[in-house]
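In what follows, a single structure is set out as structure tokens and then discussed.
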Amino acid sequence: MRTRTGNLCPQMCVSDVQLCPEGYGDDSCPSGQSLCIDGTCSDACGDIPARNNPCGCKFQYPPEDAKGLVPCATFPDVTIEHYNADDLSQLTDFCSDKFNVSGSAPFWGDWSGDQELPDDTEVSSGRRFWAGSQCPKAPKYGYTYKEPLWIGAFSCVGAEVLILLIWVVYKYLREIPIRRMRHGESSGFTTGTA
């Protein structure tokens, strides 16, 4: 265990920005700016693509439960004494205390986890999760070769190979008399009169 400093607190993702800790929702941005989908403040958020939303955990196809989640403002750097990277509850407890996150929030992906929302919010229901650095690894998508596209491609190639094989056999059988005739001519036999 050691002391660690940096952007250690995971991103807080919520279904409504009113569920963000005080000072980390829309009120965290300077006048004239708004909280964008990537957790930063900007004058124009429309230019930021949806894939930059840390609440999607960089999944190409995020689960339904993650859709609609927006990030709170990014927490500043912190220093944690006796940091243990294997103890996630130590990290979230520290961040909750440091940034006044009232209630409890499960980690992203624990969609059935207990949600204890703060009493001082106008939002009576909602969801919030720790995400960001605590995201699970995105699944690697691959082909099973049972998809309709591949079945169609293999069928076309298979049909072409079959047609080619049938043509080779047909051509060979049709050329047998011609080969016999040529073989006879090369042996010195002629069928004409002298």
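Evaluate E = 1/(1 + (r/R0)^6) for Glu147 and Val168, where r is the Cβ-Cβ distance and R0 equals 35 Å; express this FRET efficiency to the nearest 0.05.
Efficiency computed from Cβ-Cβ geometry: 0.65.
Evaluate 2.2 N^0.38 Å with N set to the residue count of region 1-85, then give the Cα radius of gyration divided by it.
For region 1-85, the normalised Cα radius of gyration is 1.21.
Students often check this: by mean Cβ neighbours within 10 Å, which of 48-58, 148-158 ranks highest, and how do the rest follow?
48-58, 148-158
We did not get these values from a lab; they are worked out from the coordinates using the rules stated. Note that the structure is predicted; figures quoted are calculated from it, not measured. Counting neighbours? That spans all protein chains shown, and the Cβs are built from the backbone with ideal geometry, glycine included.
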